[in-house]
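Report on one structure; see the data block that follows.
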Amino acid sequence: MVENSTFKSLIGSEVKINRGGHDAITGKLIGVHSNYVALSSEDGAVYVNTTHVKSISQSPNQKSSGTNGSITTHIKASSFNALLHELRHNFVKINRGGPEKLEGIISDVTSDHAIVIINNELIRVPLFHIKSVTVGLKSRGNKNGNKNGNKSRNTNGNAIAKSGGNKSSKSNRSGNRTNRSDRSNRSQRSHRSSRSSNRDRGSQGFNFWTPPFFS
């Protein structure tokens, strides 16, 4: 295990904890505490249990700041166990990879294990097997929620568009039938008027024969 004095001398530097494999972590060292250290990484804040730290190396192009203050905000607790208590009800990633990696919500922490909720299932993880905890991950639930929300909005939009199109089409067909009916009525009225006019003209042009009166 690496001594705390070594960690403190590297605060503010880009470091790599452990040499390789799933336990390797790269980031800026921002805090050193009794039995854990805090790093700022691309994934978020990573809290590493120093019991499992086998080595620490500094990036060649970085120099130690030599200060004891943290650069970014992180959780300051008296121990790694107390840190886990502070992280209750938060979505975290326990360990970095491999079969020991878990992603879920810390429900509770006892003296010897942490209870993690994963897909509505309670998982008890012995504290000794927790090598690191990453906080600040984007929950998969949010992504799924966005996808479902987008699908729902698209579906509703399509339904509205179809409904509007159907209504418009029905309205057009109804309007066409009305127009045809109006034209038919006008044509019939015009035809009747024409026949009536012809009869009137025929009646005016015909001379009726009147028989002579015989006394």
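Values in this text are rule-based calculations from the coordinates and carry no lab data. Model, not experiment: these values are computed from the prediction. Cβ atoms come from the backbone with ideal geometry, glycine included; neighbour counts cover every protein chain shown.
Working from label points 7 Å from Cα in the Cα-to-Cβ sense, the Lys101 to Ser9 distance is 3.3 nm.
If you stretched the chain out fully between Lys16 and Ser55, how much longer would it get, using 0.36 nm times the residue separation minus the C-alpha to C-alpha distance? Kindly include the intermediate steps, with their values, before the conclusion.
Details: separation 39, 0.36 × 39 = 14.04 nm, distance 0.83 nm.
Stretched out fully, the Lys16 to Ser55 stretch lengthens by 13.2 nm.
On the principal axes of its alpha carbon atoms, segment 4-135 extends 45, 29, 22 Å, with the longest extent given first.
Put a dot 7 Å past the Cα of Phe128, heading toward its Cβ, do the same for Asp112, and the two dots end up 1.0 nm apart. For segment 4-135, lysine pairs separated by 8 or more sequence positions, or belonging to different chains, with Cα-Cα distances below 19 Å total 22.
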